[in-house]
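The structure appears below as C-alpha cells.
The values are calculated or read from the model by the stated rules, or taken from the named source; none is laboratory data. Just so you know, these numbers come straight off a predicted model, no measurement behind them. Here Cβ is always computed from backbone atoms with ideal geometry, including for glycine, and neighbour counts include all displayed protein chains. In case anyone asks, the SASA skips ligands and DNA or RNA and just uses the protein heavy atoms, side chains included. Shrake-Rupley method; radii C 1.70, N 1.55, O 1.52, S 1.80 Å.
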Amino acid sequence: MFNPHGITGLILLALQLLALAAAVFAIFHAVRQRKDAFTAVDKLTKPIWLGILAASLLVIFLFGAVHMLGLIAVVAVCVYLVDVRPRVDDVQRGPRW
C-alpha cells in the first residue's frame, strides 16, 4: 500500500544527507585553500568563510535542511560552492592557456 509519509520521509532524509555532504565538502575545500586566495578575489577572508561553513554544518545537522535555519545554512553553503569556490580555484590555478 502507498504510504505518502514514507516517501516524504525518504525525500527529506535524502535532502538532509545531500546538504550535510555539501557542507562537509565545502569545509574540506576551504581548509585546503591558501588564505590570501580569498582576499585576492574580493571575498570574505578564509577564517570568516570557515566559520560560516562550520556554523552551517552544525545548523543542518541539528535542525535539518528544510527547517528555517537549515535553509539559511544551505544557502550559505551554496553561495560558497557556486560563487567563492570557483573564483578561489581560478586565482590559484592561474591562466588556463
Give me the pairs, please: first residue somewhere in the stretch 20-41 and on the phi < 0 side of the Ramachandran plot and polar (S, T, N, Q), second residue anywhere and surrounded by 15 or more Cβ atoms within 10 Å (Cβ to Cβ) and part of a helix (DSSP H, G or I), beta-carbon distance under 6 Å, and either six or more positions apart or on two chains.
Q33/V88
Subset of the stretch 28-49 [assigned to a helix (DSSP H, G or I) and open to solvent by 40 Å² or more (accessible area, probe 1.4 Å)]:
F28, V31, R32, K35, D36, T39, A40, P47, I48
Any residue at all in the stretch 50-67 that's within 23 Å of R93 (Cα to Cα) and not in a helix (DSSP H, G or I)?
no
